[in-house]
Amino acid sequence: MTTTRVYRGFRRESTGWIFGLTGPRAIAVAVLAVPVVWAISAGRWWTALVLALVCGALAALVIVPVRGRPAARWLVDWVLHQVGVAFGWSRWQSRAAAGLPVSADEPDLPGVLSRITMPDGLPHRGRRVCLLHDTADGRWGATARLVHTGVGLTSAEVREMLASRLGTMLRSLGQRGVISRVSVVVRSVPDDGTEDAIYRDRHQAPDAPELAIAATDELSRIVGRASVRHEVYVTVSATEEALRRPARAAGGGVDGRAAVLYRALDGIEDPLRSLGASSVQWLTGADMAEAIRTSFAPQASAVLTAARLTGTAGDDRGLPLAAAGATQAPSPDRRAYHHDGSTSVSYSVLMPPTGTTFGALGPLLVTRSPSERRTLAIHYEILPPAAASRDVRRQRFAAGLAHELKARRGFVRSATDSRLARTAGAQEQAVDAGHALVRYAVCASITVPSNESIEDHAARMESDIAGRFRLLRLELAQDSGFVAACVPVGVGLPRVREGLL
């Protein structure tokens, strides 16, 4: 990935070495070919024909991709989905809604979020930052709320400058060796007018003329129908391996990890401000609970905002973590996720191989009706220099080996092969020059009230980006896709498996 306005060098994280197949798939195809070869060698031609039909169909399930996944993977995922629905494993209800005793400081979250704990760290600039501990992935992180003006009306020169600064920030994080993941979540929500109404109640003069009040009310209604509020969150995280030794020197435990993480947080605020953020506020436990709660229940935003601004929350600490998640999340459909009176559809956004420009994902955040919410999440992971070096060398060797085999056998080299070879060579030179290799994932989601047709809204979202990016609907995994696209906790990238990068 370059640090100019045009991002190029995208490639699949896992590429096949044997005729485009990964090792397990190639072995499966070879095993399926053994019965056919055995029947032919024994002269049983009819048996060989029947086995060729059966084994060929099974091999097609392994090889042929359908909407981004092999047919066999679709079959396995569908079976697991049906088993989960039949046994009620995918049906979820909060403990508070079920009448069970709960602890106010213990999060009660569904699905993949159940593996995350949220302890309070040491005071940081007068606030106790909420730490995010991913117990399954072994990561510690924190989330900040940004105030950003956006890039929709900026010029090409400004976008090029912002792209360069983003690349510089990721490169510097890779060299520091503490923060290895950065997740950006942007929500585009129609403004409910709560903040404006509270501001007017506080500042409106009691002797104001009736005509002025009527004109202000009409202006608020007109502007309110067209107003959209953008919420921007940034989550940074570090691995347990990167924190363990310095945390032990800082006292160990949660406080030791918090102390080490705070040093990295201080170093990331200035790069975020250079990217256009006018304010960076690290979230406390109550702020984090509100961010997660509004992910599942957008309609709760008005009540929570009014309680926070007017001081009528009932608890000085704000919303407890026990109330952060959904109240109910029925068994997810194959193509949608239902939660607290809302329905969401999530997508994985596939980058074009020719590259893209900074800010090109903006159309995914343009709401088309007053009731819908759109979210976009970009997850970055900066690989360590040693792992990046191994990966680019492996990729360049694979591209060269494929070219040599095709040339030796007389096959024509396709344009895709040439592009992959150029990309592999350019990435190796960039990493050798000190640049970072970055994994990434882009997710988008649209949420509407459950009484509206989610398919109509999803179709509009797909048409908004058609021709520029490809949206891959995360069927059979809508609950996990919703977390990756909407909830600012840094979940969205699988763990790196050595040798398959």
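The values are calculated or read from the model by the stated rules, or taken from the named source; none is laboratory data. On a predicted model such as this, the values are computed, not experimentally measured, just so you know. A quick note on method: Cβ atoms are made from the backbone with ideal geometry, for glycine too, and the neighbour counts reach across all protein chains shown. To get the accessible areas, we keep the full protein, side chains included, count just its heavy atoms, and leave off ligands, DNA and RNA. Shrake-Rupley method; radii C 1.70, N 1.55, O 1.52, S 1.80 Å.
For Arg202, the solvent-accessible surface with a 1.4 Å probe is about 140 Å², rounded to the nearest 10. Straightening the chain between Ala426 and Thr149 buys 96.3 nm, computed as 0.36 nm per residue apart minus the Cα-Cα spacing. Taking all protein chains as they are arranged and a probe of 1.4 Å, the heavy atoms of Trp78 leave approximately 130 Å² accessible to solvent. Over region 158-217, accessible surface divided per residue gives 56 Å², non-protein components excluded, 1.4 Å probe. The spread of Cα positions in the chain, taken along each principal axis and listed from longest to shortest, comes to 101, 52, 49 Å. Once the Cβ-Cβ distance of Asp270 and Val64 is raised to the sixth power relative to R0 = 56 Å, the FRET efficiency obtained is 0.70.
Extension gain for the segment Arg334 to Ala433, taken as residue separation times 0.36 nm less the Cα-Cα distance, is 31.1 nm to one decimal. By the helix-only formula, in which each DSSP H run with n ≥ 4 contributes -39500 (n - 2.57) and the sum is divided by residues, the chain has a 222 nm mean residue ellipticity of -14500 deg cm²/dmol. Placing Phe87, Phe482 in order of accessible area, with the largest value first and a 1.4 Å probe, yields Phe87, Phe482.
For the chain, the fraction of 1.4 Å probe accessible surface lying on carbon and sulfur atoms is 59 percent. Using R₀ = 22 Å, calculate the FRET efficiency as 1/(1 + (r/R₀)^6) where r is the Cβ-Cβ separation of Ser278 and Glu157; round to 0.05. The formula returns an efficiency of 0.60 here. Given a 1.4 Å probe and the protein chains as shown, His338 ends up with an accessible area of around 50 Å². The candidates Ile40, Ile213, Ile446, arranged from most to least accessible area with a 1.4 Å probe in the full protein assembly, appear as Ile40, Ile213, Ile446.
P(r) for region 320-407, from all Cα pairs and a bin width of 5 Å, is 2, 8, 11, 12, 15, 13, 10, 10, 9, 6, 3, 1, 0 %, short bins first. Here the chain is scanned for GluC sites (Glu not before Pro) in DSSP loops (not H, G, I, E, B) that have at most 15 other Cβ atoms within 10 Å, and the longest stretch holding none of them is 14-451. With the simple spin-label model, which puts each label point 7 Å out from Cα in the Cβ direction, the Arg171 to Ala86 separation comes to 5.5 nm. When all protein chains stay in place and ligands, DNA and RNA are ignored, the 1.4 Å accessible-area order of Phe411, Phe397, largest first, is Phe411, Phe397. Solvent-accessible surface of region 410-490, taken per residue with a 1.4 Å probe and all protein chains present: 44 Å². Between the alpha-carbon centres of region 70-103 and region 150-167 there is a gap of 42 Å. Each label point was placed 7 Å from the Cα along the Cα-to-Cβ direction; for Ser389 and Ala136 their separation is 3.4 nm.
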